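Here is the structure we will look at.
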Amino acid sequence: MNIKNTLLVWFVIGFQFLVAYGLYFQHNDWEVACDNTNFCRIAGYSSEENEGYNISLLISRKARANTKIEAKIQIGDFWNDEGKIWESLPSMFEIQMFINNKSYGTIAIGKVELTGTLSQKQIQSLLTLLKEDINIVFKYKNYTWHLSDKGASAVLLKADTFQKYIGTKGAFYKKGFKSEKSVLEPKPMPTIYAKPTFNAKEVTMDLKYRKMIEGILLLDKDECFDMDEEGNKYEFYNLSFTKLVVSKVCWRGAYNVGIAYWVINKKPPFDPILITTEGTDYYTDKNNIAYITERQKGRGIGDCWYYKDYVWNGKNFELSLESTTGLCRAIAAGGAWSLPTFISEVKIKP
């Protein structure tokens, strides 16, 4: 899928993408992301047709038998013409959860974070009832938030399948009496050993070498349609005594940009390795560890993002993080949640 089509998919139906590790699945107003440690996070939202205030629910479950399920809600902070309602509220307040017009108690909400944690009883009641068509409402005084149930069953079933909970007592959806001994165990988070760069400054290439390099760093014009734009130049940075990172803007959209990054040898043969055509930044941290990042908005207001990080390991840039912030449902600037499909621990190579 080229980047133009990818951005269109993000805008229309939220984040639908292929992941290198773990699982990502979305159906209607719900989604699940399971990472490479087998940890699953499920998020549900107000529907796109919702005319009131928006809300999102996050359900989390680690891999392993008899594990505790956790859940919390986040109230949207994008508002209609009435403006923000929180200015006159106390630092903590309580909203009431109703399912099919029956109260299931209150949830304490922090005024700053606009998040609150569900009790175990509330979680189990909600999961039991989500197997059917239900009406989920949260209320505070005259304010009402509707959480959609559309897509919940499919997403809960997908999480159970991934973690091998089907037919067990601890399943989200299809509970049974099977032993949980076959449930997935957690995998350890991988460690990536990063190598500090050498003199990570921009390099002015010899004109002869520059022309040779530009002649081999060719990409599909349908994918990288801004490569030949006037003023769009290649940039070169030191990585090591023998390697450089090269960048050039690949494409521009209404609210996103994609930069192509390669690793090449400093001298012929250059042997370019393409890292990404959807990059947004290259930088080195205080330890001179080099990163290439991707930060792409799902839409212009910035309430949903997809991102990746790559770190220099001395030979190449290695994926260290892949995640999304959830569907585009006007919950929070910068996105509602962190829903990774790949995580790692980055350490400096000894």
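The values are calculated or read from the model by the stated rules, or taken from the named source; none is laboratory data. Computed from a predicted structure; not experimentally measured. FYI the Cβ positions are ideal-geometry reconstructions off the backbone, even for glycines, and counts take in every protein chain you see.
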Requested in this report: Give just the number: which of (1) aromatic (Phe, Trp, Tyr); (2) part of a strand (DSSP E or B); (3) out of contact with any helix residue (DSSP H, G or I) (no Cβ under 9 Å at 6 or more places or on another chain) does TYR306 not satisfy?
Outcome: (3)
Report task. Just give me the residues in the range 309-323 being among the polar types (S, T, N, Q), assigned to a loop (DSSP other than H, G, I, E, B) and touching a residue at least 60 places away in the same chain (Cβ under 8 Å), in sequence order. Result -> ASN313
Requested in this report: Search the range 157-186 for residues being hydroxyl-bearing (Ser, Thr, Tyr) and modelled with pLDDT under 95, and hand back the single one that is nearest to ILE69 (Cα to Cα).
Outcome: TYR173
Report summary line: Considering the range 128-187, residues that are assigned to a helix (DSSP H, G or I) and small (Gly, Ala, Ser), and then whichever is surrounded by the most Cβ atoms within 10 Å (Cβ to Cβ), we arrive at ALA152
Report task. Search the range 45-73 for residues that are outside the structural domain of LYS158 (by TED's automatic domain parsing) and pair each with any residue that is in a strand (DSSP E or B) and among the aromatic types (Phe, Trp, Tyr) when their beta-carbon atoms are under 6 Å apart and the residues are at least 6 apart or on different chains. Result -> none
Requested in this report: Among the residues of the range 113-127, count how many are part of a helix (DSSP H, G or I) and of a type in the set (Gly, Ala, Ser).
Outcome: 1
Query raised in the report: Can you name every residue in the range 265-291 that is in a loop (DSSP other than H, G, I, E, B) and more than 18 Å from MET212 (Cα to Cα)?
Result: THR280, ASP285, LYS286, ASN287, ASN288, ILE289
Requested in this report: Could you list all residues from the range 213-264 that are in a strand (DSSP E or B), within 27 Å of the chain's Cα centre (by Cα) and surrounded by fewer than 17 Cβ atoms within 10 Å (Cβ to Cβ)?
Outcome: ARG252, VAL257
